[in-house]
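The values are calculated or read from the model by the stated rules, or taken from the named source; none is laboratory data. In this text, all values refer to a predicted model and were calculated from it rather than measured experimentally. Cβ coordinates were reconstructed from backbone atoms using ideal geometry, including for glycine residues, and neighbour counts include every protein chain displayed.
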Amino acid sequence: MIFQGYVLSALYGALCLVLGLVAYKLGMNKKYTRKLVHILVGMEWVILYHFMGNTIHFFVVCLAFTALLIVSHLGHLMPMISSEGENSSGTVYYGVSMSVMAICTYFVKDLMLPFGAAVMITSFGDGFSGIFGQLITKKNPRICGNKTLYGTLAGLFASFLSLYIFSLVYSMPLQLWQMALVAVLAVLLELITRNGLDNISVPLSSFLFIYAFLYYPPITQYLCPILLTPAVIWLATEKKVLTRGGILCAVILDAIISVILGNLGFLALLLFLVLGVISDKIKHAGKNQKSECRSYFQVFANAAPAAACAVCYAIHPHIAFLIGFLAAMGESLADTMASGIGARDKRVFDLFRMKKCEVGMSGGMSLLGTAAGALGAFFMMLLGYAFTGGIVLPFVLGGIAAFLGCIFDSLLGSLVQGKFRCAVCGALVEREEHCKKKTVRVRGFAFFDNDTVNFTSSLFAAILAIVLGSIFV
C-alpha cells in the first residue's frame, strides 16, 4: 500500500505538471496554467489519504513536493506554474503549508479530515478565484490590490462547494453555516494576504478552524472576531481610518475584549468603528476635507475604559460590569455620532456657558447632535440586549449612563478643556499651535485636550453604569 502510494502520487504529480506544460506550450497564458495546476494538485491528497493515511510517509511526500517547488522556483524550471510580481513564491508556500499540515496530522490523527478539507478549499477556492478574476474583465472592479469582485465571489462559491462535497464524501459532520463561515474566512484571508502568503494563511487557518468546529464547539462564541478581524484591519488600513499605531492599539484592545466577551465584545467595537466612520463622512460631506485618521491615543481614550470593564467582568462576572462595558462603548459612540451628525446643524449652543458657539467646538450642543448621541447610546445597549436577553432594566440604565456620559463630555469640553486664541487669525481653537504660530490659552487647562475629555467621559459613563447596575439589578 505504501509503495503504491509513492508510485501513484509521483505519477499523478507528474501528470499535473505535464498537463500544465502542454497547455502552456499550446498558448495558454501562464496566469491560467498555474491556476490549472493549482487545482489539479489538490487532488493529490485523495491518493495519499487512501494509500498512506496517518503515516510519516504522507509527510515525506509533501516534503519532497516542497523541495521540488523550491528548486523549480530558484531555477525557473517550470514556467507554467511560476508567477509574476509580488506572488513569486506562492507555489513554494503551498508546499510548505501542505508539509506543516501533514506533520501535524501524523501526531494528531483527528486532523486528517480538516487537512483534506483545507487542501480542497485552497486548491479550488484560490484556483477558480484567479481564473474567473482574470477571465472577466468588464465591470469587474478591483476590491483589494489585484483581487477583483467576480474573482472573489467565484472563490467564495468554489470554497463552499468544495467543502460541502468533501464533507459528503468523507462524512465530515460540518453544518452548512459552519461551511459558509470557513469559506468566508478563506476568502477574506485571500483578499488581505500579500506576497503569495495566502497559500499559507488560507490552508492553515481553514485547517485549524474546521478542526475547532469538529472538536471544540465553544469556538462558536468567538466566530465574529476570528472571521471579521482581518477584514476590519484591512478596512482600517486601506481607508486610513487609523494610523499604524492606532491599528496596533485597536488590535490589542480588541484581543482583550474579544477573548473575554467573544462575539458581543467584538461587535460592540465594530459598531463603534462603522458608525464612527459613517458619522465622520457625514461631518465632512460636501467639504474639501479629509476624514480624521485616529491615532493610538485616540483609540486608547475611546476603548480603554471599556476594556477595563471587560477585565473586571472576567474577574467577577456580575452584569453590572457588562453594562459598564456597554455604557463606556455607548458613550464613545454617542459622542462620535453627536459631533459628526451634529456638525450638520448650524444652531449650536454651549449649554454650560449659556451662549452660542461655533460648529465643531468642544462643549457645543445641538438638537440634531443630541438626538444622534442618544441614538448611539441606545444602539449599543440594544446590541447587548440582543446577545444576552433577560431583564431590560440593566440595559436601560446602561443607556442612560452612556447618554449622561455624552452630556458630561460636553461639560468637560466647555469648562475644562483648553481653548486657545490664534495670534495670527484671531480664531478660537483647541490646539496650542495655529497658523504655524503658538497660540495663547484663553480658558481651561492646556493639558486637558479632546482625547483626555473622551477618556474621562467614557470612564464616567462606565462607573455610573456599574453603580446603577449594582444598586438596581
Requested in this report: Would you check if there is a residue in the stretch 3-23 being without any contact (Cβ under 8 Å) to a residue 60 or more places away in the chain, under 23 Å from residue 93 (Cβ atoms) and either among the polar types (S, T, N, Q) or outside the structural domain of residue 151 (by TED's automatic domain parsing) (or both)?
Outcome: yes
Report task. Search the stretch 106-151 for residues being closer than 19 Å to residue 41 by Cα and among the polar types (S, T, N, Q), and hand back the single one that is surrounded by the fewest Cβ atoms within 10 Å (Cβ to Cβ). Result -> 123
Report task. Considering each residue of the stretch 315-357, count those that are buried (at least 24 other Cβ atoms within 10 Å of the Cβ) and free of Cβ contacts under 8 Å to residues at least 40 places away in the same chain, and give that number. Result -> 1
Query raised in the report: So is residue 54 touching a Lys or Arg at 6+ places or on another chain (Cβ under 6 Å) and either touching a residue at least 60 places away in the same chain (Cβ under 8 Å) or in the same structural domain as residue 99 (by TED's automatic domain parsing) (or both) or not?
Result: yes
Query - the stretch 278-296, residues that are among the polar types (S, T, N, Q), modelled with pLDDT of 70 or more and under 15 Å from residue 337 (Cβ atoms) - result: 279
Query raised in the report: Looking only at the stretch 147-174, which residues are out of contact with any helix residue (DSSP H, G or I) (no Cβ under 8 Å at 6 or more places or on another chain) and not in a helix (DSSP H, G or I)?
Result: 171
**Report entry** Selection from the stretch 101-146 of residues that are outside any helix (DSSP H, G or I), over 19 Å from residue 62 (Cα atoms) and not charged (D, E, K, R)
**Finding:** 136, 137, 140, 141, 143, 144, 145, 146
Query raised in the report: Just checking, which of 229, 220 is without any contact (Cβ under 8 Å) to a residue 12 or more places away in the chain, under 17 Å from the mean Cα position of the chain (by Cα), assigned to a helix (DSSP H, G or I) and not assigned by TED's automatic domain parsing to the domain that holds residue 124?
Result: 220
**Report entry** Per-region count, the stretch 397-425, residues in a helix (DSSP H, G or I) and either at pLDDT below 90 or among the small types (Gly, Ala, Ser) (or both)
**Finding:** 12
Query raised in the report: In the set 247, 252, which member is surrounded by fewer than 17 Cβ atoms within 10 Å (Cβ to Cβ), among the aliphatic types (A, V, I, L, M) and without any contact (Cβ under 8 Å) to a residue 24 or more places away in the chain?
Result: 252
Report task. Look through 168, 153, 161, 174 and report the one residue that is assigned by TED's automatic domain parsing to the domain that holds residue 211 and under 21 Å from the mean Cα position of the chain (by Cα). Result -> 153
Query raised in the report: Of the conditions (1) more than 23 Å from residue 414 (Cβ to Cβ); (2) more than 31 Å from the chain's Cα centre (by Cα), residue 355 fails just one. Which one is it?
Result: (1)
